[in-house]
Amino acid sequence: MQTARDGDRYLLRLDDGQDLFEAISDFARREGLRAAAVVSGIGMFRTATVGYWDGAAYQPHPIAEPHEVVALHGTIAHADGNPSVHLHAALAGPDHRLVGGHLIRATVGILQEVLVDAFPGRTFGRPMVESFGLRMLDLEPPKGT
(Lines give C-alpha, C1' and ligand atoms only; values in the text may rest on other atoms or scores of the structure.)
Protein backbone atom coordinates (compact mmCIF):
# COMPACT_ATOMS: atom_id res chain seq x y z
CA MET A 1 0.00 0.00 0.00
CA GLN A 2 1.09 3.54 -0.69
CA THR A 3 -0.21 6.59 1.17
CA ALA A 4 0.00 10.33 0.57
CA ARG A 5 -1.07 12.92 3.13
CA ASP A 6 -2.03 16.56 2.77
CA GLY A 7 -3.19 18.00 6.09
CA ASP A 8 -6.04 15.81 7.32
CA ARG A 9 -6.62 14.18 3.93
CA TYR A 10 -5.05 10.89 2.86
CA LEU A 11 -4.95 9.12 -0.47
CA LEU A 12 -4.36 5.37 -0.28
CA ARG A 13 -3.38 3.03 -3.08
CA LEU A 14 -4.13 -0.54 -2.12
CA ASP A 15 -2.57 -3.33 -4.13
CA ASP A 16 -3.69 -6.51 -5.83
CA GLY A 17 -4.72 -9.22 -3.39
CA GLN A 18 -5.02 -7.03 -0.29
CA ASP A 19 -8.00 -7.47 1.98
CA LEU A 20 -9.74 -4.08 1.84
CA PHE A 21 -10.93 -4.00 5.46
CA GLU A 22 -7.63 -5.27 6.84
CA ALA A 23 -5.67 -2.68 4.82
CA ILE A 24 -7.88 0.25 5.87
CA SER A 25 -7.91 -0.89 9.51
CA ASP A 26 -4.12 -1.25 9.54
CA PHE A 27 -3.79 2.22 7.99
CA ALA A 28 -6.13 3.75 10.62
CA ARG A 29 -4.23 2.03 13.44
CA ARG A 30 -0.84 3.16 12.07
CA GLU A 31 -2.00 6.77 11.67
CA GLY A 32 -3.86 6.81 14.99
CA LEU A 33 -7.16 7.65 13.26
CA ARG A 34 -10.18 7.27 15.52
CA ALA A 35 -12.56 9.36 13.40
CA ALA A 36 -12.59 9.60 9.61
CA ALA A 37 -14.74 9.51 6.49
CA VAL A 38 -13.96 7.33 3.50
CA VAL A 39 -14.94 9.92 0.91
CA SER A 40 -14.44 7.91 -2.26
CA GLY A 41 -12.84 4.87 -3.75
CA ILE A 42 -12.33 3.50 -7.24
CA GLY A 43 -10.53 0.50 -8.67
CA MET A 44 -11.38 -3.18 -8.86
CA PHE A 45 -12.29 -6.02 -6.52
CA ARG A 46 -11.33 -9.61 -7.34
CA THR A 47 -14.11 -10.82 -5.10
CA ALA A 48 -16.52 -9.11 -2.76
CA THR A 49 -19.64 -9.66 -0.71
CA VAL A 50 -22.28 -6.97 -0.44
CA GLY A 51 -25.22 -7.11 1.89
CA TYR A 52 -28.74 -5.81 2.17
CA TRP A 53 -30.15 -5.11 5.65
CA ASP A 54 -33.56 -6.79 5.85
CA GLY A 55 -34.38 -5.35 9.27
CA ALA A 56 -32.92 -8.28 11.17
CA ALA A 57 -29.66 -9.24 9.41
CA TYR A 58 -27.53 -8.51 6.37
CA GLN A 59 -28.49 -10.73 3.46
CA PRO A 60 -25.13 -11.44 1.79
CA HIS A 61 -24.63 -11.43 -1.97
CA PRO A 62 -21.23 -12.92 -2.88
CA ILE A 63 -19.57 -11.62 -6.03
CA ALA A 64 -17.11 -14.20 -7.31
CA GLU A 65 -15.85 -12.47 -10.45
CA PRO A 66 -13.89 -9.22 -10.72
CA HIS A 67 -15.98 -6.03 -10.64
CA GLU A 68 -15.02 -2.40 -11.15
CA VAL A 69 -15.53 -0.24 -8.06
CA VAL A 70 -17.45 2.80 -9.26
CA ALA A 71 -18.23 4.12 -5.77
CA LEU A 72 -16.91 3.41 -2.29
CA HIS A 73 -17.67 5.44 0.81
CA GLY A 74 -18.16 5.12 4.54
CA THR A 75 -16.67 5.87 7.94
CA ILE A 76 -13.85 4.85 10.24
CA ALA A 77 -14.72 4.84 13.92
CA HIS A 78 -13.28 3.24 17.05
CA ALA A 79 -14.95 0.28 18.73
CA ASP A 80 -13.71 -2.24 21.27
CA GLY A 81 -10.18 -0.80 21.08
CA ASN A 82 -9.85 -1.21 17.30
CA PRO A 83 -10.71 0.65 14.10
CA SER A 84 -14.26 -0.03 12.95
CA VAL A 85 -14.65 0.40 9.18
CA HIS A 86 -18.15 0.69 7.70
CA LEU A 87 -18.33 0.84 3.91
CA HIS A 88 -20.88 0.83 1.11
CA ALA A 89 -20.00 0.17 -2.52
CA ALA A 90 -21.39 0.23 -6.04
CA LEU A 91 -19.74 -2.34 -8.32
CA ALA A 92 -20.00 -2.81 -12.10
CA GLY A 93 -19.64 -6.23 -13.65
CA PRO A 94 -18.52 -7.22 -17.14
CA ASP A 95 -22.11 -6.74 -18.36
CA HIS A 96 -21.99 -3.12 -17.05
CA ARG A 97 -24.77 -3.79 -14.55
CA LEU A 98 -24.39 -2.35 -11.07
CA VAL A 99 -24.69 -4.21 -7.80
CA GLY A 100 -24.13 -2.65 -4.43
CA GLY A 101 -24.93 -2.21 -0.80
CA HIS A 102 -23.23 -2.66 2.55
CA LEU A 103 -19.75 -4.00 1.86
CA ILE A 104 -19.14 -7.10 3.99
CA ARG A 105 -15.77 -8.13 2.53
CA ALA A 106 -13.61 -7.42 -0.49
CA THR A 107 -10.28 -8.40 -1.99
CA VAL A 108 -8.52 -5.79 -4.12
CA GLY A 109 -8.03 -6.69 -7.78
CA ILE A 110 -5.13 -4.81 -9.44
CA LEU A 111 -5.56 -1.68 -7.30
CA GLN A 112 -7.91 0.41 -5.20
CA GLU A 113 -7.63 4.18 -4.74
CA VAL A 114 -9.26 5.45 -1.53
CA LEU A 115 -9.63 9.04 -0.29
CA VAL A 116 -9.90 9.43 3.50
CA ASP A 117 -10.69 12.65 5.39
CA ALA A 118 -9.64 12.53 9.05
CA PHE A 119 -11.16 14.35 12.01
CA PRO A 120 -8.08 14.88 14.22
CA GLY A 121 -8.62 14.96 17.94
CA ARG A 122 -12.03 13.32 17.59
CA THR A 123 -13.17 9.80 18.28
CA PHE A 124 -16.22 8.36 16.58
CA GLY A 125 -17.72 5.36 18.31
CA ARG A 126 -19.69 2.46 16.93
CA PRO A 127 -21.69 0.97 19.81
CA MET A 128 -24.19 -1.83 19.39
CA VAL A 129 -27.74 -0.46 19.35
CA GLU A 130 -29.74 -3.47 20.52
CA SER A 131 -33.11 -2.17 19.29
CA PHE A 132 -31.79 -2.34 15.70
CA GLY A 133 -29.25 -5.13 16.17
CA LEU A 134 -26.61 -2.94 14.51
CA ARG A 135 -23.46 -1.10 15.45
CA MET A 136 -24.30 2.54 14.71
CA LEU A 137 -21.99 5.52 14.29
CA ASP A 138 -21.78 7.78 17.35
CA LEU A 139 -20.17 11.14 16.57
CA GLU A 140 -19.86 12.06 20.26
CA PRO A 141 -19.28 8.91 22.32
CA PRO A 142 -18.63 9.17 26.06
CA LYS A 143 -15.04 10.06 26.94
CA GLY A 144 -12.72 7.12 27.41
CA THR A 145 -14.33 4.87 24.75
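The values are calculated or read from the model by the stated rules, or taken from the named source; none is laboratory data. Here the structure is a predicted model, which is why all the values come from computation and not from measurement. All Cβ positions, glycine included, derive from the backbone under ideal geometry; neighbour counts span all protein chains shown.
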Quiz item: Yes or no: A4 assigned to a strand (DSSP E or B) and either among the hydrophobic types (A, V, I, L, M, F, W, C) or exposed (fewer than 13 other Cβ atoms within 10 Å of the Cβ) (or both)?
Solution: yes
Exercise. Would you tally the residues in the range 58-102 being at pLDDT 95 or above, surrounded by fewer than 18 Cβ atoms within 10 Å (Cβ to Cβ) and small (G, A, S)?
Key: 5
Quiz item: Taking interchain pairs and intrachain pairs at least six residues apart, which have beta carbon atoms under 7 angstrom, with the first residue in the range 55-82 and under 19 Å from V108 (Cα atoms) and the second surrounded by 14 or more Cβ atoms within 10 Å (Cβ to Cβ) and of a type in the set (D, E, K, R)?
Solution: P66/R46
Exercise. State whether the residues of the range 116-130 include one that is surrounded by fewer than 14 Cβ atoms within 10 Å (Cβ to Cβ), more than 20 Å from D8 (Cα to Cα) and not β-branched (V, I, T).
Key: yes
Quiz item: Restricting to the range 39-57, what's the tally of residues that are in contact with a Ser or Thr (Cβ under 7 Å, 6 or more places away or on another chain) and surrounded by fewer than 18 Cβ atoms within 10 Å (Cβ to Cβ)?
Solution: 2
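Working only within the range 86-117, note down all residues that are in contact (Cβ under 8 Å) with a residue 60 or more places away in the chain and over 14 Å from G41 (Cα atoms).
Within the range 86-117, the subset in contact (Cβ under 8 Å) with a residue 60 or more places away in the chain is 87, 103, 105-117.
R105, the sole residue that qualifies.
Is there a residue being without any contact (Cβ under 8 Å) to a residue 60 or more places away in the chain and of a type outside the set (K, R) anywhere in the range 29-38?
Start the filter on the range 29-38 by keeping residues that are without any contact (Cβ under 8 Å) to a residue 60 or more places away in the chain, which leaves 29-30, 32.
Those still in the list that are of a type outside the set (K, R) too: 32.
Yes, the range 29-38 contains a residue that is without any contact (Cβ under 8 Å) to a residue 60 or more places away in the chain and of a type outside the set (K, R).
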